[in-house]
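Worksheet: one structure, shown below.
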Amino acid sequence: MANHAYLRVWTRDFSVETMIAEFARFLTTAPLSVSHSSFDELIVQAVEPGETPIGEWDLHAGGYGAPEVAALAAQHLNADTAYIVSAKWDLWSFDIESLKWQQRPEPLELTCHGLEYDDGIAATAGHFVADLGFEHFFTGHGKVLDLGAALNPLHSSDHPVEHTFRQWMAASGNLKEYHAKTRENIQQLLNWIEAIERALPVERSELWSEGEENFEARLDAILAQR
């Protein structure tokens, strides 16, 4: 299973009284797909993830924006509740088998954690969380964007697909394009964080992934490469 990347956000005044209004502002900042510019689904989950949701709305047909989603969420306003919204955003994606790039809508999941939900997980996981999708959208497949890693076609694995990928990536023009597309994805993410900081009283934010010891440092290193 491919690793996922996440954005976690904490605000200074977060409470049961402010969280739905702030969630609406968080949703407003989301860089939704050009071809898929409304939200897809809202799930309201009480107590903990193992519980049956207390509310579910399929939003595909309604053209729901942030205010409409927040109004639905507000019907179940409790400190022990999480509000989970599904959407799409446009990211550059590299098909390792066809060796082609495509900018396409990818899943984006946005969550608001009530302070008492799941034994207070908001304190460590964030008042607001974005599941950004696959980590490799921002770090590249394997270690190909580590300095020098792509120059050896035999690096890391003898799997035929990866071997072909590394042979293709050994060409400087291909590696340069790979860097450029990945940096575009990273820059979109950083622009979004700036938008969140303008929209909300952010106390702190954190980028985290399942496969990187320091995801933020890895992104900084990729941005610095030319």
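Readers should treat all values here as calculations from the given coordinates under stated rules, not as data from a laboratory. None of these values were measured; they are calculated from a predicted model. Using ideal geometry, Cβ is built from the backbone for each residue, glycine included, and neighbour counts are taken over all protein chains shown.
Observations, loosely collected:
- Degrees, to the nearest 10: 172-199 long Cα axis against longest axis of the chain: 20 degrees
- Summed side-chain charge close to residue 60 - residues other than residue 60 whose Cβ falls under 9 Å, Lys, Arg +1, Asp, Glu -1: -3
- Amide H contacts for residue 121 (H built 1.01 Å from N in the peptide plane; partners 5 or more residues away or on another chain; cut-off under 5 Å): none found.
- Taking the Cα centre of the chain as origin and assigning +1 to Lys and Arg Cβ atoms and -1 to Asp and Glu Cβ atoms, the resulting dipole is close to 1120 debye.
- Length gained on full extension, residue 203 to residue 116: 29.4 nm, using 0.36 nm per residue less the C-alpha separation.
- Long-range HN-HN contacts of residue 108 with modeled amide H, under 5 Å: 87, 88, 89
- Estimated vicinal HN-Hα couplings, Hz - the range 22-36 in sequence order (Karplus 6.51, -1.76, 1.60; Gly, Pro = x): 6, 5, 4, 5, 4, 4, 4, 6, 4, x, 5, 4, 4, 8, 8
- Calculated FRET efficiency, residue 187 to residue 123, Cβ-Cβ distance, R0 = 35 Å: about 0.70 to the nearest 0.05.
- Whole-Hz couplings from phi, Karplus 6.51/-1.76/1.60, listed for the range 46-63; x for Gly and Pro: 9, 6, 6, x, x, 7, 5, x, 8, x, 9, 10, 8, 9, 3, 8, x, x
- Acute angle (nearest 10 degrees) that the helix 215-224 long axis makes with the longest principal axis of the chain, alpha-carbon atoms: 50 degrees
- Note on the chain: dipole from Cβ charges, positive end direction compared against 83, 60, 186; the farthest Cα belongs to 186.
- Amide H within-cut-off set for residue 114, under 5 Å, with H built and near neighbours excluded: 81, 82, 83
- The angle between the Cα long axis of helix 160-169 and the longest principal axis of the Cα atoms of the chain comes to about 80 degrees, rounded to the nearest 10.
- The alpha-carbon atoms of the range 14-138, seen along their principal axes, cover 47, 31, 25 angstrom, with the largest extent given first.
- Computed extension length for residue 217-residue 75: 47.1 nm, one decimal, from 0.36 nm per residue of separation with the Cα-Cα distance subtracted.
- The chain - Kirkwood radius from inverse mean 1/r over Cα pairs (Å): 18.7 Å
- Sites residue 61 and residue 21, calculated FRET efficiency, Cβ-Cβ separation with R0 25 Å, nearest 0.05: 0.45
- When 218, 8 are arranged by Cβ crowding within 10 Å, least crowded first, meaning fewest neighbours, the order is 8, 218.
- Per-residue 3J(HN,Hα) values for the range 2-12, derived from phi via the Karplus relation 6.51 cos²θ - 1.76 cosθ + 1.60 with θ = phi - 60°, read 5, 6, 10, 10, 9, 10, 10, 9, 10, 10, 5 Hz in sequence order (x marks Gly and Pro).
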